[in-house]
Amino acid sequence: MTHIIDKITLGGLVLVRDKMMAQQAAGRKVYRLEVGDTNFDVPANIQQAIADAMRSGKTHYPPSTGLPQLRNAMLKKLREENGLPVKDAEHVLVTIGGMHGLYMAFASLLEPGDEVILPDPMWSETAELIKRPGGVPVPITLRPDRSFQYAPADIEAAITPKTKAIYINSPQNPIGVVFSAETQRQIAAIAVKHNLWVISDEAYEHVIFDGARHFSIGSIPEIADRTITVYTFSKTYAMTGLRLGYMATNDDVIVDRCRKLLRLTTNGVPSITQWGGVAALTGPQDAVHEMAAELETRRNIFFEGLQTIKVFESFKPQGAFYVWSKIADAWPGYQGQRDSWAMTNCLIDRAGVGTSPGIAFGPAGEGYVRFAFTLDRPTLTESIEVMHDLFK
Ligand SMILES: Cc1ncc(COP(=O)(O)O)c(C=O)c1O
């Protein structure tokens, strides 16, 4: 019998990253447009707090569920900013980034055979995280003719007696679409009607453009107690390498299961990272707004640049830091192929431009590629010029 872990596939994103890193190591000029990690530094007050924690000996075992100071700061933020009616700090758990929060959410909720509805395309790790405890991902196609919205009618049509939860991610990776408060209200109503859970992945809550406001589905009272919401410091505070995230739910059974999982796996997030988290949440948020504004400028530069490259038809993202581009019929292909891997290989081999093949995000992603605009403005502009020359 195949071991359940042998069934995990790490997929296309890892393959592209390895290929790009090999080229970089060989000294080739490359444009890492496949990476979901901005080039910003961690804000100075967070750096200082981490250094202070290290020097002052705050380096002993933290509680495995997280430092009380951090969980209290998270509770305040969740209530005031996200509008989540979290009971108390015991219902907030500190995790090693958003990935670990999602891992715990699915592991603590799902029984083998339970179905979870999720968008297609979707960040590829999500389906694997659902499958790990024996769950079954049920993808709903985000259609371009509906501006890639997560259509409530499609969600309801996919519900079976085995459906356990609806997963939602807004702003969404890879498309950068934002699901409106109205759409989220309709999804919440479906979840209430069918007695389902909602897992809300809000990794990009602060990377949102054009004056839009982030909406947390768990703030809707009717679904609040059946929602698990997952957050990360990775994108908001450029802390990808420091591995800090958190999850919140009002359900005591889920919290208790997660407490056990935390104790037996990580036994807590590194203490100095957690002190950085306290500074992040309790200090000024100027850097967060500055980074979001800079990303919006980068989006504009990159998206406008892409309009001049006729082999792409791109969707203008409303959040996150990716552009989702359809491979136009005008493209003749590469090495006899026209799919998203052919485009990815063409860009890497012929221009040193890293991208992610749409198929890596699910079947509905075929025919597309995802570009990350996480690098500085001159590099993005140069990457557009390089692609322009390649396809002219
Ligand atoms: C949609 C989504 N959720 C969660 C994560 C998890 O990020 P991290 O584990 O760095 O917090 C990512 C990372 O790219 C993501 O794109």
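Computed from the coordinates by the stated procedures, all read-outs in this text should not be read as laboratory data. Please read these numbers as outputs of a predicted model, since none were measured by experiment. With ideal geometry, Cβ positions are generated from the backbone for all residues, glycine too; neighbour counts draw on all protein chains shown.
Through the Karplus equation 6.51 cos²θ - 1.76 cosθ + 1.60, θ set to phi - 60°, convert the phi angles of the stretch 96-102 into ³J(HN,Hα) values in whole Hz; use x for Gly and Pro.
Along the stretch 96-102, the couplings run 7, x, x, 4, 5, x, 5 Hz.
List the lysines whose Cα sits under 28 Å from the Cα of LYS58, skipping any in the same chain fewer than 8 residues away.
Straight-line reach from LYS58, under 28 Å: LYS76, LYS77, LYS235, LYS260.
Measuring from label point to label point, each 7 Å out along Cα→Cβ, what is the LEU390 to ALA158 span in nm?
3.1 nm
Relative to the Cα centre, what is the charge dipole magnitude of the chain, using +1 at the beta carbon of each Lys and Arg, -1 at the beta carbon of each Asp and Glu, and rounding to the nearest 20 debye?
580 debye
Tell me which residues come under 5 Å, amide H to amide H, from ILE140 once H is placed; ignore anything under 5 positions away on its chain.
Residues meeting the amide H criterion: LEU118, ASP120.
Just tell me which aspartates and glutamates come within less than 14 Å, Cα to Cα, of LYS87; anything on the same chain fewer than 8 places away is out.
ASP225, ASP251, ASP252
Whose amide H sits under 5 Å from the amide H of TRP197, counting only residues 5 or more places off or on another chain, with H placed in the peptide plane?
Those qualifying (amide H under 5 Å, at least 5 residues apart or on another chain) are ALA165, ILE166.
Could you work out the per residue convex hull volume over the alpha carbons of the stretch 131-232, in cubic angstrom?
Looking at the stretch 131-232, the number lands at 113 Å³ per residue.
Please give me the summed charge of the neighbours of PRO43: other residues whose Cβ is under 12 Å from its Cβ, Lys and Arg +1, Asp and Glu -1.
Residues near PRO43 contribute -3 overall.
How big is the C-alpha Rg of the stretch 194-248 next to the rule-of-thumb value 2.2 N^0.38 Å, as a ratio?
1.27
Need one number: the % of Cα-Cα pairs in the chain sitting beyond the 32 Å mark.
Summing the P(r) tail past 32 Å for the chain gives 34 percent.
Using θ = phi - 60° and the Karplus relation 6.51 cos²θ - 1.76 cosθ + 1.60, list the HN-Hα couplings for the stretch 171-182 in order, rounded to whole Hz, with x at every Gly or Pro.
x, 9, 9, x, 7, x, 7, 10, 8, 5, 4, 5
Using the Karplus equation 6.51 cos²θ - 1.76 cosθ + 1.60 (θ = phi - 60°), what ³J(HN,Hα) coupling, rounded to whole Hz, does each residue of the stretch 149-161 give in order, writing x for Gly and Pro?
Calculated HN-Hα couplings, in order: 6, 8, 6, x, 5, 5, 4, 5, 5, 8, 6, 10, x Hz.
In whole Å, what is the distance between the alpha-carbon centres of the stretch 115-146 and the stretch 1-62?
When both Cα centres are located, 24 Å separates them.
If amide H atoms are built 1.01 Å from N in the plane of the peptide, which residues on other chains or at least 5 residues away come under 5 Å of the amide H of LEU33?
Result for LEU33 returns GLY354.
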